[in-house]
Amino acid sequence: AQEHREKALIGAIPDAIFLMNDQGLYLDVRKGKEVNDYLIDESVIGKNIYDTNVPLEVSDLIIKHNQKAIETGEVQSIEYVLPY
């Protein structure tokens, strides 16, 4: 039942879901069905967002929303475009 629920959730998301701690370290990642492979795979787990190929302004945006999620306990949703 849990496996089917997770597959349905992942299939419904357009891009990706990231779980990171308050220091910006990736703890987990789940790809959606329409995502390309630009930095979205398990190789980011354990890395800090600032040590990846994500542009600085996008990293800052992600960290800002991550902090809000930690402070409020609410899921944050943001959109951004990454260069190819």
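Details
- Neighbours by Cβ (under 7 Å, 6+ apart or cross-chain): first from the range 56-72, of a type outside the set (A, V, I, L, M, F, W, C); second assigned to a helix (DSSP H, G or I): Ser59/Ile49; Ser59/Tyr50
- Of the residues making up the range 25-58, those that are at pLDDT 85 or above, open to solvent by 60 Å² or more (accessible area, probe 1.4 Å) and closer than 20 Å to Ser77 by Cβ are Leu27, Glu57.
- Any chance Lys7 is touching a helix residue (DSSP H, G or I) at 6+ places or on another chain (Cβ under 8 Å) and either at pLDDT below 80 or part of a loop (DSSP other than H, G, I, E, B) (or both): no
- Enumeration of residues in the range 44-62 that are over 12 Å from Leu25 (Cα atoms) and not in a loop (DSSP other than H, G, I, E, B): Leu56, Glu57, Val58, Asp60, Leu61
The values are calculated or read from the model by the stated rules, or taken from the named source; none is laboratory data. A quick note: this is a predicted structure, and the numbers were derived from the prediction, not measured. A quick note on method: Cβ atoms are made from the backbone with ideal geometry, for glycine too, and the neighbour counts reach across all protein chains shown. Surface accessibility is based on the protein's heavy atoms, side chains included, excluding ligands, DNA and RNA. Shrake-Rupley method; radii C 1.70, N 1.55, O 1.52, S 1.80 Å.
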